Amino acid sequence: MEVGFLGLGIMGKAMSLNLLRHGFKVTVWNRTLSKCDELLEHGASVGSTPAEVVKKCKYTIGMLSDPSAALAVVFDKDGVLEQIGEGKCYIDMSTVDADTSSKISEEITKKGGYFLEAPVSGSKKPAEDGQLVILAAGEKTLYDEIIPAFDVMGKKSFFLGEIGNGAKMKLVVNMIMGSMLNAFSEGLVLADKSGLSQQTLLDVLDLGAMANPMFKMKGPTMLMSSYPPAFPLKHQQKDMRLALALGDENAVSMPVAAAANEAFKKARSLGLGDNDFSAVYEAIKVPEPSP
Ligand SMILES: NC(=O)C1=CN([C@@H]2O[C@H](COP(=O)(O)OP(=O)(O)OC[C@H]3O[C@@H](n4cnc5c(N)ncnc54)[C@H](OP(=O)(O)O)[C@@H]3O)[C@@H](O)[C@H]2O)C=CC1
Ligand SMILES: O=CC(=O)O
């Protein structure tokens, strides 16, 4: 199977390498073209624009940072839309809101193409190991056709129905994840300030009903103030923002998520946006100014 891949950030690089490793023919494009070099060494072809990739491949996958990037790659000059048409398929795996996905879907469909949104749950390591959870929605026939690629990139794929449902599911999941990480960070600070061993807190949590891979993986590195980006904090804050907007639309009160969003915003204002999202702990450690 031949696929195009647009966006070689942390996730896109790992996902496209996996496809190559499993025998797919892959043509890649990235805004910063130099990031294509490593993929070229692993046997990928390189397209000079998104349009060129779509022209060459029946199936093209996008993995871009946020709604504006996802829209730019489709609608800008030399974008996906210029070559999409009858028999061409576009799969956007970026985390965006339902409106962004719908705009892309409408225009692609108008031109006779097929569209699937398919955001993923799971970070850098699951992407490298082909262990993502794929949350797809949109064109069911395209979903069935692209399953061989999803099976390489992920451990489980869900088909969630109409366009927007994949985006919404992803935002709900990440709203929970961001809120949990904040509560965890506050717990670490509280343990420290009240004279307890933070390591013992990690051990206690890991033995009880709240044990989870995120606390287990992030806890030790947070205690070392080490935040190499697996999931960049700026993207987690974008997801909190989009999840809160979804809450607004549906009149769902989410005070916990709103407070977590404030902590991620504070972390961004401290210059931590390109660090791993667990760096929110640094923002929680900073004392509030006294009145
Ligand atoms: N990292 C993670 O753990 C996970 C991330 N996600 C989601 O996946 C998506 C990608 O994440 P990740 O790989 O971590 O992000 P990165 O920041 O590592 O990569 C972002 C990619 O988007 C490209 N990009 C940004 N702006 C534009 C633009 N205006 N036009 C064209 N390309 C653009 C970047 O290109 P360039 O190299 O030129 O900057 C890069 O290829 C995000 O939506 C994120 O929320 C989902 C699950 C897990
Ligand atoms: O979106 C991030 C993730 O870890 O999933």
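The values are calculated or read from the model by the stated rules, or taken from the named source; none is laboratory data. Predicted model only: the values in this text are computed from it and were never measured. Backbone-built Cβ (ideal geometry, glycine too); neighbour counts: all protein chains shown. Quick note on the areas: whole protein, heavy atoms, side chains included, nothing else; ligands and nucleic acids left out. Shrake-Rupley method; radii C 1.70, N 1.55, O 1.52, S 1.80 Å.
Worth a mention:
- The heavy atoms of Leu270 offer some 90 square angstrom of accessible surface to a 1.4 angstrom probe.
- A dipole drawn for the chain from +1 and -1 charges on Cβ atoms has a positive end, and of Met180, Ile61, Gly9 the residue lying farthest that way is Gly9.
- A straight chain from Glu2 to Asp151 at 0.36 nm per residue would run longer than the Cα-Cα distance by 52.2 nm.
- If you take all other residues with their beta carbon under 12 Å from the beta carbon of Asp129, and give Lys and Arg +1 and Asp and Glu -1, the sum is +3.
- For the range 2-162, the solvent-accessible area with a 1.4 angstrom probe is 42 square angstrom per residue.
- Per-residue accessible area (protein heavy atoms, 1.4 Å probe) orders Thr109, Thr27 as Thr109, Thr27, starting from the largest.
- The convex hull around the C-alpha trace of the range 122-201, projected and averaged over every direction, spans 6.5 square nanometres.
- Separation between Cα centres of the range 106-133 and the range 252-270, rounded to whole Å: 27
- Here, the chain has an Rg and a Dmax of 19.9, 65 Å when only alpha carbons are counted.
- For the range 168-285, the Kirkwood hydrodynamic radius from C-alpha pairs, put into Stokes-Einstein at 10 °C and a viscosity of 1.306 mPa s, yields a diffusion coefficient of 110 µm² per second.
- Of the listed residues Asp78, Asp144, Asp276, the order by accessible area with a 1.4 Å probe, largest first, is Asp144, Asp78, Asp276.
- Flagged links, alpha-carbon separation over 31 Å, of Lys58/Lys103; Lys77/Lys238; Lys25/Lys216; Lys103/Lys216; Lys58/Lys170: Lys25/Lys216; Lys103/Lys216
- With Cα atoms, 0 to 90° folded angle of helix 213-223 axis to the chain main axis: 60
- Beta-bridge orientation, the chain: approximately 15 percent antiparallel, per DSSP, counting only bridges with both partners inside.
- On Cα atoms only, tilt of 198-207 relative to the major axis of the chain in degrees: 60
- Close amide H pairs (under 5 Å, H built 1.01 Å from N) link Thr27 with Val3, Gly4, Phe5, Ser45, residues at least 5 positions away or on another chain.
- Within the full protein context, the accessible area of Phe231 is estimated at about 40 Å² for a probe radius of 1.4 Å.
- With an a/c value under 1.5 for the gyration tensor axes a ≥ b ≥ c computed over the alpha-carbon atoms, the range 2-162 is described as rounded.
- Residues Asp78 and Glu106, FRET efficiency given R0 of 25 Å [Cβ-Cβ distance, rounded to 0.05]: 0.75
- Percent carbon-and-sulfur accessible area, the range 3-137, ignoring ligands, DNA and RNA, probe 1.4 Å: 50
- In a fully extended conformation the segment linking Ala183 and Leu223 would gain 12.9 nm over its present Cα-Cα distance, using 0.36 nm per residue.
- The Cβ shell under 14 Å around Lys25 holds other residues with a net charge of +2, Lys and Arg each +1, Asp and Glu each -1.
- Summing +1 for each Lys or Arg and -1 for each Asp or Glu among the other residues whose beta-carbon sits under 14 angstrom from that of Lys56 gives 0.
- Rounded to the nearest 20 debye, dipole of the range 2-162 from Cβ charges on Lys, Arg, Asp, Glu: 320
- Short to long, the 10 Å bins of the Cα pair-distance histogram for the range 104-147 hold 27, 41, 26, 6 percent of all pairs.
- Glu107, Glu82, ranked by accessible area, largest first (probe 1.4 Å): Glu82, Glu107
- Taking every protein chain into account, the 1.4 Å probe leaves Ser197 with about 60 Å² of accessible area, to the nearest ten.
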